[in-house]
Amino acid sequence: NKMSPSNIKSIEYFNERYYKIEREDGTFDYFPSVTTKLGIVDKPFLARWRGDIGNREADLRVRDSQEKGSNIHHGWYVINTGGAIVYQPKYKPVMTQEDFQAVYDEFRGNIFTIQEQDEQVDLWKLKTWTERVNPVFRSSEMTVYSLFQKEAGTLDNLLYISEGEYDVNGSKKLKLQTGLYIVDLKTGSAVDDSAFMQISAYMAMLEEMILVQ
């Protein structure tokens, strides 16, 4: 049975993400997200990290990291949909209410306010990357699913990038071939194997969706 993105709803359940899949015949099912499935994979380095700093401190850092990740993801979405990011520190505001209202009116409410300078810098880096690579945004926050694997997920971006060498990767330019690229933002300081597994799952789901349409 075929589905469209409107037939798929993301659901949070005890800090885990699932997707309600509704088919044309009215039947439905619940698929775990790819990140939820990957969350059960044993990660010895996380156990060692928790052992070094303690569970309470680890939980606080995880929550802070999750909040930052949510802010970066939403800010990135606002930027790529023609909106604006407003940097307004909590205790030392840099904009008056009149200034804020002017920006709000100019961008028709499509703005996002952040209070942490490191998040502002991260979003500036992403905006700079976009200006240098000049990709075509085919989709933002795109829901993908697999009826075969019974899983789903949300792509941060699906981009079309033309072949070229781009000054975005340190001292050497990054060579990219022409094609579609799945982009998934990571705000941590390191990327482990689960990130590559996540992208691979997204690619397989996207291919399955294209084949069944």
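Do we have GLN198 as modelled with pLDDT of 95 or more, among the polar types (S, T, N, Q) and either open to solvent by less than 40 Å² (accessible area, probe 1.4 Å) or over 19 Å from THR128 (Cα atoms) (or both) here? Criteria not met by GLN198.
Among residues of the stretch 72-102 being part of a loop (DSSP other than H, G, I, E, B) and closer than 20 Å to THR128 by Cα, the one that is least open to solvent (accessible area, probe 1.4 Å) is GLY83. Quick check, is GLU116 without any contact (Cβ under 8 Å) to a residue 40 or more places away in the chain, open to solvent by 60 Å² or more (accessible area, probe 1.4 Å) and of a type in the set (Asp, Glu)? Considered against the rule, which asks whether it is without any contact (Cβ under 8 Å) to a residue 40 or more places away in the chain, open to solvent by 60 Å² or more (accessible area, probe 1.4 Å) and of a type in the set (Asp, Glu), GLU116 comes out as no.
A single member of ASP105, ASP122 is modelled with pLDDT of 90 or more, in contact with a helix residue (DSSP H, G or I) (Cβ under 7 Å, 6 or more places away or on another chain) and open to solvent by 40 Å² or more (accessible area, probe 1.4 Å), and it is ASP122. Among residues of the stretch 156-188 being of a type in the set (A, V, I, L, M) and in a loop (DSSP other than H, G, I, E, B), the one that is surrounded by the most Cβ atoms within 10 Å (Cβ to Cβ) is VAL168.
Note on the stretch 1-34: residues that are of a type in the set (Ser, Thr, Tyr), open to solvent by 50 Å² or more (accessible area, probe 1.4 Å), assigned to a strand (DSSP E or B) and at pLDDT 75 or above amount to 3.
The values are calculated or read from the model by the stated rules, or taken from the named source; none is laboratory data. Note that the structure is predicted; figures quoted are calculated from it, not measured. FYI the Cβ positions are ideal-geometry reconstructions off the backbone, even for glycines, and counts take in every protein chain you see. For accessibility, only protein heavy atoms count, side chains too; no ligands or nucleic acids. Shrake-Rupley method; radii C 1.70, N 1.55, O 1.52, S 1.80 Å.
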